[in-house]
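K.L.:
So that we are looking at the same thing, I have put the structure below in structure tokens.
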Amino acid sequence: MTGPTEPPLVTGGDGRARPRWAATDPLLRDYYDTEWGMPVVDERGMFERLSLEAFQSGLSWATILRKRPAFRAAFAGFDPAAVAAFTAGDADRLMQDATIVRNRRKIDATLANASATLALRGWDDGRGDLASFVWSYRPTVTPAPRTVAEVPTTSPESRALARDLKARGFRFVGPTTMFALMEAVGIVDTHLVGSWRRGASGVWTAQEDAS
């Protein structure tokens, strides 16, 4: 949270303006500059991000990002079919893996979500998968926050997405987590106005941008 006199954006030595959370830590800065908010349209990529957002619940994103290589190794590269085949024994094994977040409810949710992801295949007359399902909740207008305080934490679309995923057997998919997912995969653009990354995804036109 920025103080009353702190500007919401910090201009780095490269002349690029970023929010404070992405301004100092090299790992977060690189993630912000290259990944966050860029479109993810493949099933595996969406399943990975949904899984990591669930593990992030109650923790900092930096913690999850530092552990991401270990998560990928532990969860078979987030291949939904491979993870759906994991057994209770695999879950027990993952609980002994100190390189990831050892939370049994989140591990079990990831396995359940893998099976739910497979069940979603073909939802749109044979053409859909998890990625297209999540993208079907794209709003007609994206936020245009100028400060961190103006960034929403939920939306009507994230609440609807959370409700409908839960109905299909997904876990750890609350409205706040789903809004964070929508931010991360480019469905909404919550880069602060003035950031060098605002509009970088190419998803939103000037007319669609609420700014």
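The values are calculated or read from the model by the stated rules, or taken from the named source; none is laboratory data. All values reported here derive from a predicted model rather than from experimental measurement. Note: ideal-geometry Cβ built from the backbone for every residue, glycine included; neighbour counts use all protein chains shown.
K.L.:
Would you point out the residue of the stretch 112-169, among those that are in contact with a Phe, Trp or Tyr (Cβ under 8 Å, 6 or more places away or on another chain) and part of a loop (DSSP other than H, G, I, E, B), that is modelled with the lowest pLDDT?
P.N.:
124
K.L.:
Consider residue 38 carefully, then state whether it is within 13 Å of the chain's Cα centre (by Cα) and surrounded by fewer than 17 Cβ atoms within 10 Å (Cβ to Cβ).
P.N.:
yes
K.L.:
Test of understanding: among 17, 22, which residue is surrounded by 13 or more Cβ atoms within 10 Å (Cβ to Cβ), without any contact (Cβ under 8 Å) to a residue 24 or more places away in the chain and not hydroxyl-bearing (Ser, Thr, Tyr)? Break it down stepwise before answering.
P.N.:
Working: 17 fails: without any contact (Cβ under 8 Å) to a residue 24 or more places away in the chain.
Matching residue, one of 17, 22: 22.
K.L.:
Another question about this same structure. Search the stretch 97-112 for residues that are touching a residue at least 40 places away in the same chain (Cβ under 8 Å) and pair each with any residue that is in a helix (DSSP H, G or I) and β-branched (Val, Ile, Thr) when their beta-carbon atoms are under 7 Å apart and the residues are at least 6 apart or on different chains.
P.N.:
Every condition considered, the pairs that remain are 110/83.
K.L.:
Is it the case that some residue within the stretch 148-165 is of a type in the set (Lys, Arg) and exposed (fewer than 15 other Cβ atoms within 10 Å of the Cβ)?
P.N.:
For the stretch 148-165, residues of a type in the set (Lys, Arg) and exposed (fewer than 15 other Cβ atoms within 10 Å of the Cβ): present.
K.L.:
So which residues in the stretch 59-107 are of a type in the set (Lys, Arg) and either in a helix (DSSP H, G or I) or closer than 22 Å to residue 184 by Cβ (or both)?
P.N.:
66, 67, 68, 72, 93, 104, 105, 106
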